[in-house]
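The values are calculated or read from the model by the stated rules, or taken from the named source; none is laboratory data. None of these values were measured; they are calculated from a predicted model. Note: ideal-geometry Cβ built from the backbone for every residue, glycine included; neighbour counts use all protein chains shown. Surface areas here come from the heavy atoms of the whole protein model, side chains and all, with no ligands, DNA or RNA. Shrake-Rupley method; radii C 1.70, N 1.55, O 1.52, S 1.80 Å.
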Amino acid sequence: MATSGNGSAAVPAEVDVAVVGAGFSGLYMLYRLRELGFSAMAFDEAGDVGGTWYWNRYPGARCDIPTTDYAYSFDPRLEKDWTWSEKYATQPEILAYLRYVAGCYDLRRDIRFGTRIAAASWDEASRRWRLRTNHGGEVSCRYYIMASGCLSLPKTTDIPGVDRYRGEVYLTGRWPHEEVDFSGKRVAVVGTGSSGIQCIPVIAREAARLTVFQRTPNFSVPAHNGLPPPDRTAQLVADRDGYREAARWSRGGMPMELTDVSGLTASEDLRRQRFEDAWQAGELFAILGVFNDQGINPVSNELVAEMIREKIREIVSDPDTAEALCPKDHPFGTKRPCLDTSYFETFNLPHVRLVDLRRTPIVAVTDAGIDTVEESLEFDVIVFATGFDAMTGPLVSVAVTGAGGLTLKDKWEHGPATYLGLMTAGFPNFFMITGPQSPSVLSNMAVSIEQHVDWVADCLQRLRTEDLDRIEPTPLAEAGWVQHSQDCADITLYPRANSWYMGANVPGKPRVFLPYIGGVDAYRRACDEVAEQDFVGFRLDGPAASRCNDGVIRRLQPDVAIVLEFMASLGLPPMETMTVADARAFAAATAATLPPGPEVGEIADAVLPGPAGDLEYRLYRPPSSGPHPLIAYFHGGGWVLGSQDSDDPFCRDLCLRTGAAVISVNYRHAPDDRFPAAADDAFAAVQWIAANAAGLGGIPGQLTVAGWSAGASLAAITCQLARDAGGPDIARQLLLTPVTDCDLGRPSYSGNGEGFVLTAALMRWFWDHYADEAERAQPMASPLRGTLAGLPPAVVVTAEFDPLRDEGEAYAEALGAAGVPVRHIRARGHVHTSLTMVDVVISGAPVRAEMAEALGSFRSAPIQI
Ligand code: NA7
C-alpha cells in the first residue's frame, strides 16, 4: 500500500473507507469494516481513542444513561469481560472501557491520532472521495464516513472580553489532561446544562468560592448513583441477548415499559405516585415517561414540571435562589434534562452563589473576572460549560464538497437535509453515524451507534456483492424524510424551547429540530424497510449497471401511523362483517373512549322539526358573547352510524376555532330509513336553522353548512337544494373528506382501499345500506353529478390516504370550474378519520386551524343566493 507521510504515523494514499472519529462510533465502524475485509483508516484529532470521553474530562463528568446500557453489545466477549462499577460510570471509567475495546481488537493500528480531516471533496470521474488532513496529507477513499459525534465541537464562547481575562480558563468540552486544582480559589462556572450541573457540585467541594452564572435554569433530577441497577443487571444476567434485543426495539434505546397513564386523566394520587417513582429511579427515560402525553400536551407536561419545581423549592433553602433555579421558560424535557448528584443542594453551601443572568446579564469578561450589569466580580478560574454546536457543527466544520461542487455547509444553510440521518443527496458515498434526523441524542447513543454502523456496514457489503460502487439518496426520498422528521417534531412540545436540539444555542444557526423524535424502534423499522425494499430512495451505480427504486419511506403522519398500528393490534373484525346494531354499538363504544375535546362556552341539547318527526340537535356556543355566525353540521358515519355524540369533540373544536355557534343535527339513518331520508332531513334542518337564526343566537345571513364524510355529502346536497329552492341563504359550505360520488372506481379507492380505517369494502357496505344502485347517481346521493354553478363558497378538505380522496378532489375542482370560490385543503399524511380525532391525532390540529381560517376568509364573500 502506497503511503504519504503526515508527521506522526503513515497515512495510506488509498483506502476503501475513511472514517472520521475514534469514539464509540468510529471504533465500532472500524471493527465492522475490518471484519468485512475492507481496507479502512480512521482519523481523530485527539491523542487517543474515546471521542467525547477523551475531551470531556471535567470533574464530575459521567454518562446519563445507565452504563449497563451505555455499552457495546456486538460481542458477548466484551460484555463478559467488562464490569461497570457504577450505575453511571465516570468519564475515566468509560474512557478506560473504550481503550480496552480498542486494545481487544487492535484497532489503534488503523487509526491516525492527532490528525484532523480538514477537507473532503468528491471526484465523480474516479467515484472516490479525496480527503485532506490538517498536516497536508491526502487520502483517497471510495467511502467516507463521519463518525464524528453529535456533541464534539464546543460552541465558540460568545461573551465579549474572554481573550482579555488573565486568570485560568477552562472549557468543559476541551478539559486538560492534567489535574486542575481549585482549592482555595475563587471559581466561576458559566452555564448550567449537563456539563455545568455535573461539575458544579464537585468544584464546590474544593473551591474557596464558587459563583454560578445561570442564563436558563434547567430541569434536573437526582441520579441516585451507586452500584449498577440490580434490576437491569439481573435481566442482563438472565437473558443478555433478549435484553439487548429489547433495547434495540425500544423507544429510547433502553428496555422500558411505556405507560398508558395520561397526565390529563390520572388522579392526583396516581400522578404523585408516578412522579415520585420516577424521581427515585433516577433515570432520564423514567422522568420523561411519567405520563404518556407529557411530551405532546402542555397541561400534562406542566404537571411534571411543577412537581420538579416543588422539589427544587424543598431542597434549596433560600427562596430567591430556589425560584431562580426553577425552570419556567420551556416545557419539561424540551431541553435535555439533567441527572445530578447534589446539584440543587450545592446552592445551600455558604460559599456558593447563583448569579441569575436573566436578571443581571453579563456585560463582559474583564482581565480579572466577570462584569454583570450590577457588579464586577473577580475570579482566579473561569469554567465555561457553554455547550456545543450540536449535531451539524462537527459535520460542516470539515469543508465537504459533493458532486457538482456544492459544499455541505451551503447545502445545509437553512438546516440539515438527510435521508435517514445516514446520507445526504449530492454527496455520494458519504455516510454519517448518528447524523441529524436520526434518533441520536434523543436515544441511548450506544444502541443508535451500533444500529447505524451495522446499517452502513451491511450496505457497503451489499454494494460490493452486487458490483456497485456508488450510492446516493434521491432528492425525493430526502425531502420525504426531512418532512417526516419535521412532522414527528411538530406534534411534540420540543420546538417550543430554545434548545440545542433546535440549533437555538448557536447565534445565527437555523432554527430547526435536529434529531429524529419518532423513536429508536420506529426509526430502526424504517431503516430496515429501506434496505429490504431494494434501498428505496437511493440511486445505486456500478461499472456495469445502475438502478433506483425511488420513493418516500414514511408518508403517513406519525400519530396517524400510531393510531393505525394500535387499531391493527386489536385484531378487530371488519365493521362490514358486523350487523348494523353491532357496528353502531362498536362505533359508539369507540367514540366514548376518546378525549372529550375542548371546553366551549355552552352546550345545549334540543330538537327541531324534521319532515318525518323531530330531529335531535346539539348546540355549541363559543365563550364570547353573541350573536355568532352559525354552522349547521352533519356528522359522519356512512348514513348508517353516528349521532350528535359521535362528533362531539370535533364540533367543540370547530366551535372554538371558528367562533361560530355549531348546531350538530342528527338525521335518520339507513338501513331503517334509506335514501333520500338523510338528505331530506338535512335540508329541512337547514331551513329551520336559517329561519330561527336569531333565536339560536346566530347572525342572520351568516350560516355555514358543514359536515364530515357522509355528513359532508348531506351538506353539499343541502347547498344544491337551497340554491334550487331559492333559499335559505347559505354563506359558506365546509366539506370535510366528503362522499361526493357513487363511482367507487377512482384510484384512491384502490390505493387507499385497505388499511386506513375507512376501507373500500366498508364504503360499499354503507352505500348498500343507504341507496339502491339506480338511485345512487342522482345528485341527491352523488352531489358531484349535480349542477354546481351558483353554490356558496366552499372549503373542501381531502385526506391523502382516504378512499374518498379523489371524489373530494373532483368536487373541489368541479366547484372551481363552475365559478364557485373554493379553498381546497389537502391533508398530507392523513386518513379519512384522523382529522376529527381531536386531542388524539395532534397533526390534525393545524389542518383544522387552516380549515377555520379558510372559512373566515370567505366571511366577506358575497352571499351567492
Ligand atoms: P448545554 O446543555 O448546551 O448547556 C450550556 C449551558 O451554557 C446552558 O446553560 C446555556 O444557557 C449556557 N450558555 C451558553 N452560552 C452562554 C452565554 N453566552 N452566556 C451564559 N450562558 C451561556 O451544554 P452541556 O455541555 O452542558 O451539555 C451538552 C450535552 O452533553 C448534554 O445535554 C448531554 O447530552 C451531554 P442557555 O440554556 O443557552 O440559556
Open item on the list: Looking only at residues that are assigned to a loop (DSSP other than H, G, I, E, B) and among the hydrophobic types (A, V, I, L, M, F, W, C) in the stretch 499-516, which one is farthest from the ligand (Cβ to nearest atom)?
Closed with: V512
Task: strands (runs of 3 or more DSSP E) contained in the stretch 293-380 and holding at least 3 residues within 16 Å of the ligand (Cβ to nearest atom) - done: 338-340, 352-356, 362-365, 369-372
TODO: Hey, can you tell me all the residues within the stretch 148-205 that are of a type in the set (D, E, K, R), in a loop (DSSP other than H, G, I, E, B), touching a residue at least 24 places away in the same chain (Cβ under 8 Å) and more than 9 Å from the ligand (Cβ to nearest atom)?
DONE: R166, D181, K185
Open item on the list: Checking the conditions here, which among F388, F427 is within 16 Å of the ligand (Cβ to nearest atom) and either modelled with pLDDT under 95 or hydrophobic (A, V, I, L, M, F, W, C) (or both)?
Closed with: F388
TODO: Please tell me if F275 is crowded, with 18+ Cβ neighbours inside 10 Å and within 12 Å of S220 (Cβ to Cβ).
DONE: no
Task: Residue pairs meeting the criteria (Cβ under 7 Å; at least 6 apart or on separate chains; first modelled with pLDDT of 95 or more, in the stretch 97-115; second open to solvent by less than 50 Å² (accessible area, probe 1.4 Å) and among the polar types (S, T, N, Q)) - done: R112/N6; T115/N6; T115/T133
Open item on the list: With the condition being at positive phi, I'd like the strands (runs of 3 or more DSSP E) fully within the stretch 530-633 carrying at least 1 qualifying residues.
Closed with: 613-621
- [ ] Looking at (1) buried (at least 17 other Cβ atoms within 10 Å of the Cβ); (2) among the basic types (K, R); (3) modelled with pLDDT under 95, find the lone condition where R57 falls short.
- [x] (3)
- [ ] State the number of residues belonging to the stretch 465-494 that are assigned to a helix (DSSP H, G or I) and more than 16 Å from the ligand (Cβ to nearest atom).
- [x] 17
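So that you can scan it fast, the table gives a plain yes or no per residue for (1) in a loop (DSSP other than H, G, I, E, B); (2) more than 20 Å from G333 (Cα to Cα):
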residue: A246; (1), (2): no, yes
residue: G252; (1), (2): yes, no
residue: T259; (1), (2): yes, no
residue: Q273; (1), (2): no, no
Open item on the list: Need a quick list: helices (runs of 4 or more DSSP H) entirely within the stretch 746-853 having at least 2 residues that are over 34 Å from the mean Cα position of the chain (by Cα).
Closed with: 760-770, 773-776, 805-817
TODO: Please work out which residue is farthest from S443 (Cα to Cα), limiting yourself to the stretch 502-522 and to residues that are open to solvent by less than 30 Å² (accessible area, probe 1.4 Å) and within 11 Å of the chain's Cα centre (by Cα).
DONE: F513
Open item on the list: If the requirement is being open to solvent by 40 Å² or more (accessible area, probe 1.4 Å), charged (D, E, K, R) and within 17 Å of G518 (Cα to Cα), which of these qualifies: D454, D490, D467, D458?
Closed with: D490
- [ ] Report, by residue number, each residue of the stretch 670-713 that is open to solvent by 40 Å² or more (accessible area, probe 1.4 Å), under 13 Å from G638 (Cα atoms) and either assigned to a helix (DSSP H, G or I) or not charged (D, E, K, R) (or both).
- [x] P671
TODO: Report, by residue number, each residue of the stretch 69-95 that is free of Cβ contacts under 8 Å to residues at least 60 places away in the same chain and open to solvent by less than 40 Å² (accessible area, probe 1.4 Å).
DONE: D75, L78, A89, T90, Q91, E93, I94, L95
